[in-house]
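One structure is given here, and the rest of the page talks about it.
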Amino acid sequence: MRILSSILLCLTFAATTAKAQTTTHMIGVGKSKILETYLTPEHFSGTGLTYLYIKDTAPTDTLRRWTTTIEHEVDLSKTKDRSGNTSDLEATYNLYWARYYNLQPIDNLRLQFGAAANLRLGGIYNMTSSNNPGQAHASLSIMPSATAAYNFSIGSQHFSARYELNLPLVGVMFSPNYGQLYYEIFCQGNYDHNIVPTTFISAPTFRQMATIDWRFSQRMSLRVGYLGNYMQSKVNNLKSHIYAHRIMIGITRSL
Amino acid sequence: MKKYFILFFCLSLFIGCVDEEERPDTPEGNFEALWKIMDEHYCFFDYKNVDWNSVYNIYKVRARGDISREQLFEVLTDMLSELRDGHVNLYSAFDYGRYWRWHEDYPTNFSDTLQRRYLGTDYRIAAGLKYKILDDNIGYVYYESFSDAVGEGNLDEVIQHFMFCQGMIVDIRGNGGGTVTNVDKIAARFCNEKTLVGYSQHKTGKGHNDFSDLEPIYIEPSSNLRWQKPVVLLTNREVFSAANEFTQYMRCMPQVIQVGDQTGGGSGMPFTATLPNGWTVRFSACPNYDRDRNQTEFGIAPDYNVAITDADFLRGKDTIIEFARSLINPYNP
């Protein structure tokens, strides 16, 4: 409990010092599931941590037509295969730059529709492989996105329920070819379909987040919820997925 | 806005899972998983004329449900031995499955007892390189493993030390390979112009013949000190993998002569994968070719095939080193 209190204090400090109109700092913990057939056909699962920062140019209590939301998400996980003999380390950074059209169909309900540009950088390192120990991930994609936020009260306490969904559409990603070594790409300079155009069929990556905010002061809220990031691709005859399920907690500050 | 809703709805319908079938962690499941990994990734089926489907039929009956892990390990190792490939290994906590007939069936043609006669005790060590100037003013350098790091500074020191020698003997006997970047680094000290040393290829799909085009491999001359005098490269059957690659590269340099026994081969760059029970398999995935587009998987024949004789051994002489010395300095007694 003392650790949780310290973390919340840090997140509060970070949210307070930010200059944007609505900022959120969250951390999360939960299960990670990994498949990367470039390394092995075996599945890996384990525990992961996530840090998420959200900067929203729109304050929650006013309504502009177009707003911008920027999210930085860092995922780290350590996973094992089912035998427990082999470990994978995974690290991913996701940047989402989203432009939303805002609607307020009824009181207390705010809807946003738009698209997010997602830059993803990361990789998986297999602790036991010597010849092909790692796989790098780099992609840029356009994701149709939407959010819904509903404000409500219980007694004298004010709450807000929020849901965000990012769906795949098109993009480009880096991938070695099916049996291509990184040595060939980076030491010999032999490129072979290493920059691959992707669609929602070949890279059905999607992400959702459901949270509840408890407004404990005029400008500050405690946010808890679930973040699911399902990063998937099937290019160059290689299959990959990283499923990150996280229970998130954080602080939101609105101006 | 209505169109956006339709797009959003349609996209959500199309989202599926990218997944791979998992075999059960049973003897049959591990056998199937290993067979499939090799079937989809191994690169020498056609070159070695291996019918992998008939291998499946032969060994599947041996991978029954009630066999012990040791018995399963033996079955799987036997199956992999059909590929006659030193890069194909099975790793478990209790054993290391291997095919070593590429050197076990041949004389070693290397003796550290004899080597000690030449190196003595006052030889120099520059990272992974042991080197000394022999009595007839010939530089001798021994490189035991391409896994041993060698820096540009180390190579400068060795070449500088041998500066007034009439030639250099590069002994890589017993070198089972290692890091390919060390191959490039050392070979670059022996070439004066961009030199074509071979071709590489990789698999582009699961079919046995799904390969990319051949891509040329060049060695660029080092910008540091380069060796211009005669070089004799000593090889034996234990020269494998990256060391085999080094031999292939060095044979493209005009001042280099290969002496000793044929190399052990191992021209496929390896990949690894894991089985349901946690065992790891290593296998050849990317074939390399020499500059004439020939496979070197089964080794590279020397220019002069020389073996250590019993008579020389008893006299404390390494026949191969002595032959190399006579090539560099024909007036040697």
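Data table
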read-out: Where residue A:160 falls short, out of the listed (1) of a type in the set (S, T, N, Q); (2) surrounded by 14 or more Cβ atoms within 10 Å (Cβ to Cβ); (3) at pLDDT below 95; value: (3)
read-out: Pairs where the first residue, in the stretch A:78-89, is assigned to a strand (DSSP E or B) and the second is of a type in the set (D, E, K, R) and surrounded by 15 or more Cβ atoms within 10 Å (Cβ to Cβ), C-beta under 7 Å, 6+ apart; value: A:79/A:88; A:79/A:90; A:81/A:42; A:87/A:78; A:87/A:80; A:89/A:78
read-out: Search result, residues across the stretch B:1-31 that are under 14 Å from residue B:65 (Cβ atoms), assigned to a helix (DSSP H, G or I) and not hydrophobic (A, V, I, L, M, F, W, C); value: B:27, B:28, B:29, B:30
read-out: Filter pass, residue B:154 being assigned to a loop (DSSP other than H, G, I, E, B) and farther than 30 Å from residue B:74 by Cα; value: no
read-out: Flag if residue B:263 is in a loop (DSSP other than H, G, I, E, B) and of a type in the set (Ser, Thr, Tyr); value: yes
read-out: Every pair of residues 6+ apart whose Cβ atoms lie under 7 Å, when the first sits in the stretch B:36-57 and is within 12 Å of chain A (Cβ to nearest Cβ) while the second is assigned to a loop (DSSP other than H, G, I, E, B); value: B:40/B:206; B:41/A:179; B:42/B:83
read-out: Single residue of B:8, B:14 found to be of a type in the set (A, V, I, L, M, F, W, C), surrounded by 14 or more Cβ atoms within 10 Å (Cβ to Cβ) and either closer than 17 Å to residue B:81 by Cα or within 10 Å of chain A (Cβ to nearest Cβ) (or both); value: B:8
read-out: Condition met for residue A:98 (part of a strand (DSSP E or B) and within 11 Å of chain B (Cβ to nearest Cβ)); value: no
read-out: Options B:268, B:264; residue that is crowded, with 23+ Cβ neighbours inside 10 Å, closer than 30 Å to residue B:34 by Cβ and either within 14 Å of another protein chain (Cβ to nearest Cβ) or out of contact with any Lys or Arg (no Cβ under 7 Å at 6 or more places or on another chain) (or both); value: B:268
read-out: Filter result (touching a Leu at 6+ places or on another chain (Cβ under 9 Å) and either in a loop (DSSP other than H, G, I, E, B) or closer than 19 Å to residue B:145 by Cα (or both)) within the stretch B:160-175; value: B:163, B:165, B:167, B:169, B:170, B:171, B:172, B:173
read-out: Single match in B:152, B:157, B:215 (criterion: touching a strand residue (DSSP E or B) at 6+ places or on another chain (Cβ under 6 Å), acidic (Asp, Glu) and farther than 20 Å from residue B:252 by Cα); value: B:157
read-out: Selection within the stretch B:72-91 - in a helix (DSSP H, G or I), more than 18 Å from residue B:26 (Cα to Cα) and either aliphatic (A, V, I, L, M) or over 27 Å from the mean Cα position of the chain (by Cα) (or both); value: B:80
read-out: Output for the stretch A:161-195, where each listed residue is under 30 Å from residue A:214 (Cα atoms) and either without any contact (Cβ under 8 Å) to a residue 24 or more places away in the chain or among the hydroxyl-bearing types (Ser, Thr, Tyr) (or both); value: A:163
read-out: Residue satisfying all of: in the stretch B:58-84; touching a Gly at 6+ places or on another chain (Cβ under 7 Å) and not aliphatic (A, V, I, L, M); surrounded by the most Cβ atoms within 10 Å (Cβ to Cβ) among these; value: B:73
read-out: Checking residue A:127 against (1) out of contact with any helix residue (DSSP H, G or I) (no Cβ under 7 Å at 6 or more places or on another chain); (2) within 12 Å of another protein chain (Cβ to nearest Cβ); (3) of a type outside the set (Gly, Ala, Ser); (4) surrounded by 15 or more Cβ atoms within 10 Å (Cβ to Cβ), the condition it does not meet; value: (4)
read-out: Breaking point among (1) touching a Gly at 6+ places or on another chain (Cβ under 8 Å); (2) β-branched (Val, Ile, Thr); (3) within 27 Å of residue B:102 (Cβ to Cβ), for residue B:204; value: (3)
read-out: Some residue of the stretch A:215-228 being at the interface with another protein chain (Cβ under 8 Å from one of its Cβ atoms), among the polar types (S, T, N, Q) and either surrounded by fewer than 21 Cβ atoms within 10 Å (Cβ to Cβ) or in contact (Cβ under 8 Å) with a residue 40 or more places away in the chain (or both); value: no
read-out: Hits in the stretch B:21-31 - residues which are without any contact (Cβ under 8 Å) to a residue 12 or more places away in the chain and either surrounded by 15 or more Cβ atoms within 10 Å (Cβ to Cβ) or more than 10 Å from every other protein chain (Cβ to nearest Cβ) (or both); value: none
read-out: Selection count where residues are without any contact (Cβ under 8 Å) to a residue 60 or more places away in the chain, closer than 30 Å to residue B:78 by Cα and assigned to a strand (DSSP E or B), scope the stretch B:92-147; value: 2
read-out: Where residue B:69 falls short, out of the listed (1) away from every other protein chain (no Cβ under 12 Å); (2) over 29 Å from the mean Cα position of the chain (by Cα); value: (1)
read-out: Check on residue B:253, of a type outside the set (Phe, Trp, Tyr), within 14 Å of chain A (Cβ to nearest Cβ) and not in a helix (DSSP H, G or I); value: no
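Each row is one residue, and each column tells you yes or no for (1) in contact with a strand residue (DSSP E or B) (Cβ under 9 Å, 6 or more places away or on another chain); (2) at pLDDT below 95; (3) within 14 Å of another protein chain (Cβ to nearest Cβ).
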position: B:161; (1), (2), (3): yes, no, no
position: B:165; (1), (2), (3): yes, no, no
position: B:168; (1), (2), (3): yes, no, no
position: B:173; (1), (2), (3): yes, no, no
position: B:185; (1), (2), (3): no, no, yes
position: B:190; (1), (2), (3): yes, no, no
position: B:193; (1), (2), (3): no, no, no
position: B:197; (1), (2), (3): yes, no, yes
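The values are calculated or read from the model by the stated rules, or taken from the named source; none is laboratory data. Because the structure is a prediction, the values reported are computed rather than measured. Here Cβ is always computed from backbone atoms with ideal geometry, including for glycine, and neighbour counts include all displayed protein chains.
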